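Data first, discussion second: the structure below is written as structure tokens.
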Amino acid sequence: MAEVKPGAGRILVTGAGGFVGRALCSALQQEQLTAIAAVRRIPGGTGLAREIAVGDLGPDNDWQAALQGVSCVVHLAARTHVLNDRSPDPLAEYRRINVAATAHLARQAARSGVRRFVFLSSVKVNGESTGPHPYRESDDPRPEDAYGISKREAEDALRAIGAETGMEIVILRPPLVYGPGVKGNFLQLLKAVARDLPLPLASINNRRSLVYVGNLVDVIIACIREPAAAGKTFLVKDGEDLSTPELARRLAEALGRNPVLLPFPPVLLRFGASLIGKHGAMMRLTGSLTIDDSALRRDLGWQARFSLDQGLSATARWYYQGTK
């Protein structure tokens, strides 16, 4: 992996107290890279010697103090999926935080002399599902929900700012991220498998791309360091895709459990889920979403540092440590 350019300054990490942010801060320490953790409030639990409180993310944050001496910004902070969203206009709220606040930070970063801006986007910019062909960076974006739409608009805003100011923009679009600290649907599946609950997943025939948080962090560091990343958009995943029942079986193996997978028609699963307002979650469970990360591997020479089984084992250890 290439070294940081001579004279490179600090790295500012936004969203440093989150799932990906904490893992990134730990890795930056191990790589002996000087980083500043932007957190809502102090202490942020990032493990970095320097944390700076920026409050809630919005289009009016003053980033001037945080950006002093910074050569690269890694922007992880975002409004992600909100269960039971009570906002009167969810898309407007996603746009306020994920688009307007991101563009505001990028403009201040460019004025402060930041050389590179690494943005964590989402595969949802591409869409929600794939057929026989995986998503590629060159595909026309087809976001379907408010989160995906806001991430696409943020990407467009960043590219425009980069073209105007010369600041290098790097965009990463990960699929589902898992690992120690994971939440959401992956954690629910993990709990169900750990408790030997019967799961009606045996009849699902799909393919899903995932990325272990350790691999994602490794890619982010490559995007900080590698000159070839400038101006690029990359999809990132682990080294293999797998079906939902395969994921349950591999999780069970990592947990030392025997999975109880029952055959059940996926169409009936989707119908039942739609009746209780869980159609989207069931579509992700039963549908396919695969990506082609060959551009990342070609342009940056990157290879997954951790295998799927290593990632699942680390996640299982974290889960058991938290339930003891």
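The values are calculated or read from the model by the stated rules, or taken from the named source; none is laboratory data. Being a predicted model, the structure only gives us computed values, none of them experimental. When we count neighbours, we look across all protein chains shown, and the Cβ atoms used for this are built from the backbone with ideal geometry, even at glycine. Surface areas here come from the heavy atoms of the whole protein model, side chains and all, with no ligands, DNA or RNA. Shrake-Rupley method; radii C 1.70, N 1.55, O 1.52, S 1.80 Å.
For region 201-227: of the residues being under 16 Å from GLU246 (Cα atoms) and in a loop (DSSP other than H, G, I, E, B), which is most open to solvent (accessible area, probe 1.4 Å)? That would be ASN205. Within region 242-268, track down each residue that is open to solvent by less than 50 Å² (accessible area, probe 1.4 Å), within 14 Å of LEU285 (Cβ to Cβ) and among the hydrophobic types (A, V, I, L, M, F, W, C). Listed by number, the residues that qualify are LEU242, LEU247, ALA248, LEU251, LEU261. The residue that is nearest to GLU128 (Cα to Cα), among those in region 24-81 that are open to solvent by 30 Å² or more (accessible area, probe 1.4 Å) and not in a loop (DSSP other than H, G, I, E, B), is SER26.
Taking the condition among the charged types (D, E, K, R) and under 20 Å from ALA281 (Cα atoms), does GLU137 pass? Let's see the steps before the verdict.
Details: among the charged types (D, E, K, R): yes; under 20 Å from ALA281 (Cα atoms): no.
No: the conditions fail for GLU137.
Residues that are under 21 Å from the mean Cα position of the chain (by Cα) and small (Gly, Ala, Ser) within region 27-57 comprise ALA27, ALA35, ALA37, ALA38, GLY44, GLY45, GLY47, listed in sequence order.
Determine, yes or no, whether VAL236 is among the β-branched types (Val, Ile, Thr), touching a residue at least 12 places away in the same chain (Cβ under 8 Å), open to solvent by 30 Å² or more (accessible area, probe 1.4 Å) and closer than 22 Å to LEU312 by Cβ.
Working: among the β-branched types (Val, Ile, Thr): yes; touching a residue at least 12 places away in the same chain (Cβ under 8 Å): yes; open to solvent by 30 Å² or more (accessible area, probe 1.4 Å): no; closer than 22 Å to LEU312 by Cβ: yes.
It is false that VAL236 is among the β-branched types (Val, Ile, Thr), touching a residue at least 12 places away in the same chain (Cβ under 8 Å), open to solvent by 30 Å² or more (accessible area, probe 1.4 Å) and closer than 22 Å to LEU312 by Cβ.
Looking across region 209-246, the residues that are closer than 19 Å to VAL170 by Cα and β-branched (Val, Ile, Thr) come down to VAL211, VAL213, VAL217, VAL219, ILE220, ILE221, ILE224, THR233, VAL236.
Among the candidates PHE271, PHE306, which residue alone is modelled with pLDDT of 90 or more, open to solvent by 60 Å² or more (accessible area, probe 1.4 Å), farther than 22 Å from GLY127 by Cβ and among the aromatic types (Phe, Trp, Tyr)? Reasoning before the result, please.
Working: PHE271 fails: modelled with pLDDT of 90 or more.
From the options PHE271, PHE306, the qualifying one is PHE306.
The residues in region 98-112 that are open to solvent by less than 20 Å² (accessible area, probe 1.4 Å) and either free of Cβ contacts under 8 Å to residues at least 24 places away in the same chain or farther than 30 Å from ASP241 by Cβ (or both) can be counted, and the count is 5. Screening region 113-200 for strands (runs of 3 or more DSSP E) wholly inside it with 2 or more residues that are open to solvent by less than 10 Å² (accessible area, probe 1.4 Å) returns the ranges 116-120, 168-173. For first residues located in region 291-313 and in contact (Cβ under 8 Å) with a residue 12 or more places away in the chain and small (Gly, Ala, Ser), partners that are buried (at least 17 other Cβ atoms within 10 Å of the Cβ) and in a helix (DSSP H, G or I) and lie 6+ apart or on another chain with Cβ distances below 7 Å form the pairs ALA304/ASN215; GLY311/GLY214; SER313/ALA254.
Each residue in region 278-303 was checked for being open to solvent by 30 Å² or more (accessible area, probe 1.4 Å), part of a helix (DSSP H, G or I) and within 30 Å of ALA230 (Cα to Cα), and 4 pass.
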